[in-house]
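K.L.:
Starting off with a structure, shown below.
The values are calculated or read from the model by the stated rules, or taken from the named source; none is laboratory data. Remember, predicted model here, so these are calculated numbers, not experimental data. Using ideal geometry, Cβ is built from the backbone for each residue, glycine included, and neighbour counts are taken over all protein chains shown. Side chains included, ligands, DNA and RNA excluded: accessible areas come from the protein's heavy atoms. Shrake-Rupley method; radii C 1.70, N 1.55, O 1.52, S 1.80 Å.
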Amino acid sequence: MGYKVAVVGATGNVGREMLAILSERGFDADEVVPLASRRSMGVEVSYGNRTLKVKATENHDFSDTDICLMSAGSDISKEWSPKIAAKGCVVIDNSSCWRFDPDVPLVVPEVNADAVAGFKKKNIIANPNCSTTQLVVALKPLHDRAIVKRVVVATYQSVSGAGKEGMDELFAQTRAIFVKRIAFNVIPHIDVFMEDGATREEWKMAEETKKILDPKIEVSATCVRVPVFIGHSEAVNVEFEKAISAEQAREILRKAPGVLVVDKREPGGYVTPFEAVGEDATYVSRIRADKTVKHGLSFWCVSDNLRKGAALNTVQIAEILVNRKLLSPKKKAA
Ligand SMILES: NC(=O)c1ccc[n+]([C@@H]2O[C@H](COP(=O)([O-])OP(=O)(O)OC[C@H]3O[C@@H](n4cnc5c(N)ncnc54)[C@H](OP(=O)(O)O)[C@@H]3O)[C@@H](O)[C@H]2O)c1
C-alpha cells in the first residue's frame, strides 16, 4: 500500500516539476492529487504519462492524504500548512514561510538528512531557497574536510526563480514583474530591501546556510537576477580554517553526493545554466586557489533551480520520510 500525495501549486513552475519528479523517481504513491487556486480547477497537468485534472485546494479533504508538497508561496503556506498539518498530513513547503521556525526542520538531504526526524513538532518541513540549496550541497564536503569560516557569493539567478510570470516577462517584456528591464540586462535586486541595505534573498542565503550547515559560517551574498530562463549560477569564494588545495577540493567534490565536477581549464570546460536544465546535479567548475587569504578557494556552481533548488529537494525529503519509516500510509494504518 503506497502513499497519498497532494501537490499544492501544481500548475506552477515548481509544482509541475514536482509531479514530473515524483513519477520519474517512482515515488511510492497510490494516488497523486494536483491542487491549485480555484482559477485552475479542471486544468490538466502531466504526471508521468498520465494526465490529471487540477482541483481547488480549499475543496480537498487532507484527512486521508499522507504528504503534501507545497509550492504556492508564503501567504498560501502561512494560511494552509498549519490546517493541512493538523489533519495529520506532513507538509513539505517550498516557500520562505517556515524556514526559520525552530520547530520546523530546514533540510537538504545531502547535507542534514537526519534533521527530517524533527518534523513531528509541527508536521511541517521546510525546503531552503534555491540559491542556498546548491551552495550548501557544494560546501558540505569541503566543510567536513577543512571547516568553512566565511563565504562570499554572487548569484546569477534565472527568471524562473520568480515563478511562471517571471518567465513570461522575459519572453514578452510586456508586464512589469521586475522593477527594471530584464531582457538583455541584469538586476541586482531579489526580494525586498532590508534595513542594512541587503535584500531579503541575500539575508536568506546567509541565515539558511547557518541553519542547515553550521551557525558559525559567515556568508556575504549579492543576489542578481539575469535573463536566463532556468538555472541559477553562483560565483563562490570560501575561506577555510584548515589548508585545502584546489586539487584536494576537486577530489572531495568528485566523490560528494549530488555534486558533479566539470573543470577542464579550457574553453568550454565548465558548466553553464543552459546545460544544467533538467539535470539533478549541482555542478561545480572553475575550482582554484584564492591566494589573497590564508586558506581560500574560489569556484563556480550551477544547478537547475526548479529541480535541486526546489522540486527535487522536496521529493528527496519525502523519500527520507518513507525510506526511514518515519511515516506510514494512512490507508495501511486504517
Ligand atoms: N522557482 C524557483 O526556483 C523556486 C525555488 C525554490 C522555492 N520556490 C518557491 O516555490 C513556490 C512556488 O514557486 P513557483 O516558481 O512554482 O511559482 P508559480 O509558477 O508562480 O506558481 C504558483 C503556484 O501557486 C498556486 N497558487 C496561487 N494562489 C493559490 C491559492 N490561493 N491556493 C492554492 N494555490 C495557489 C498557483 O496556482 P494558479 O495557477 O491556480 O494560480 C500556482 O500553481 C514559491 O513559494 C517560491 O518561493 C521557487
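K.L.:
Phe184: open to solvent by 90 Å² or more (accessible area, probe 1.4 Å), closer than 17 Å to Gly231 by Cα and not in a helix (DSSP H, G or I), yes or no?
P.N.:
It is true that Phe184 is open to solvent by 90 Å² or more (accessible area, probe 1.4 Å), closer than 17 Å to Gly231 by Cα and not in a helix (DSSP H, G or I).
K.L.:
Within the group Ser77, Ser131, Ser46, Ser81, which residue is among the hydroxyl-bearing types (Ser, Thr, Tyr), at pLDDT 95 or above and surrounded by fewer than 22 Cβ atoms within 10 Å (Cβ to Cβ)?
P.N.:
Only one candidate qualifies: Ser46.
K.L.:
Is it the case that Glu169 is of a type in the set (D, E, K, R), over 19 Å from the mean Cα position of the chain (by Cα), farther than 22 Å from Glu110 by Cβ and buried (at least 16 other Cβ atoms within 10 Å of the Cβ)?
P.N.:
When the stated conditions are applied, Glu169 passes them.
K.L.:
Still on this structure, please answer the following. For the range 85-114, enumerate the residues that are more than 16 Å from the chain's Cα centre (by Cα) and in contact (Cβ under 8 Å) with a residue 40 or more places away in the chain.
P.N.:
Gly88, Cys89, Val90
K.L.:
Continuing with the same structure: Restricting attention to the range 287-334, report how many residues are more than 21 Å from the chain's Cα centre (by Cα) and open to solvent by 30 Å² or more (accessible area, probe 1.4 Å).
P.N.:
Counting residues in the range 287-334 that are more than 21 Å from the chain's Cα centre (by Cα) and open to solvent by 30 Å² or more (accessible area, probe 1.4 Å) gives 16.
K.L.:
With the checklist (1) near the ligand (Cβ under 10 Å from one of its atoms); (2) surrounded by fewer than 24 Cβ atoms within 10 Å (Cβ to Cβ) in hand, flag the one item Asp93 doesn't pass.
P.N.:
(2)
K.L.:
If we scan the range 4-17, do we find a residue that is out of contact with any Lys or Arg (no Cβ under 7 Å at 6 or more places or on another chain) and surrounded by fewer than 19 Cβ atoms within 10 Å (Cβ to Cβ)?
P.N.:
no
K.L.:
Then there's this: With a cut-off of at least 2 residues that are modelled with pLDDT under 95, name the helices (runs of 4 or more DSSP H) lying wholly within the range 247-334.
P.N.:
Once the helices (runs of 4 or more DSSP H) in the range 247-334 are filtered for at least 2 residues that are modelled with pLDDT under 95, what remains is 330-333.
K.L.:
Right, next: Condition check: more than 16 Å from the ligand (Cβ to nearest atom) and either hydrophobic (A, V, I, L, M, F, W, C) or buried (at least 20 other Cβ atoms within 10 Å of the Cβ) (or both). Does Phe62 satisfy that?
P.N.:
Judged against the criteria, Phe62 is not a match.
K.L.:
Related question: In the range 18-43, which residue that is more than 8 Å from the ligand (Cβ to nearest atom) and in a helix (DSSP H, G or I) is most open to solvent (accessible area, probe 1.4 Å)?
P.N.:
If we take residues in the range 18-43 being more than 8 Å from the ligand (Cβ to nearest atom) and in a helix (DSSP H, G or I), then Glu24 is most open to solvent (accessible area, probe 1.4 Å).
K.L.:
Has the range 147-163 got any residue that is in a helix (DSSP H, G or I), open to solvent by less than 70 Å² (accessible area, probe 1.4 Å), among the hydrophobic types (A, V, I, L, M, F, W, C) and within 30 Å of Pro105 (Cα to Cα)?
P.N.:
Looking through the range 147-163, at least one residue is in a helix (DSSP H, G or I), open to solvent by less than 70 Å² (accessible area, probe 1.4 Å), among the hydrophobic types (A, V, I, L, M, F, W, C) and within 30 Å of Pro105 (Cα to Cα).
K.L.:
Evaluate the following for Gly197: is it in contact (Cβ under 8 Å) with a residue 24 or more places away in the chain, in a loop (DSSP other than H, G, I, E, B) and on the phi > 0 side of the Ramachandran plot?
P.N.:
In short, no.
K.L.:
Let me ask something else about it. Mind listing whichever residues of the range 245-274 are in contact (Cβ under 8 Å) with a residue 24 or more places away in the chain, out of contact with any helix residue (DSSP H, G or I) (no Cβ under 7 Å at 6 or more places or on another chain) and open to solvent by 60 Å² or more (accessible area, probe 1.4 Å)?
P.N.:
Selection gives Gln248, Lys255, Leu260, Tyr270, Phe274.
K.L.:
Let me ask something else about it. Take Thr222 and tell me if it is within 16 Å of the ligand (Cβ to nearest atom), of a type in the set (Ser, Thr, Tyr) and either part of a strand (DSSP E or B) or in contact (Cβ under 8 Å) with a residue 60 or more places away in the chain (or both).
P.N.:
No: the conditions fail for Thr222.
K.L.:
Moving on. Give Gly118, Gly88 a once-over and let me know the one that is open to solvent by 10 Å² or more (accessible area, probe 1.4 Å), outside any helix (DSSP H, G or I) and more than 15 Å from the ligand (Cβ to nearest atom).
P.N.:
Only one candidate qualifies: Gly88.
K.L.:
Looking at Val107, Val153, can you tell me which residue is modelled with pLDDT of 95 or more, among the hydrophobic types (A, V, I, L, M, F, W, C), under 24 Å from Pro329 (Cα atoms) and away from the ligand (no atom under 12 Å from the Cβ)?
P.N.:
Going through Val107, Val153 in turn, the sole match is Val107.
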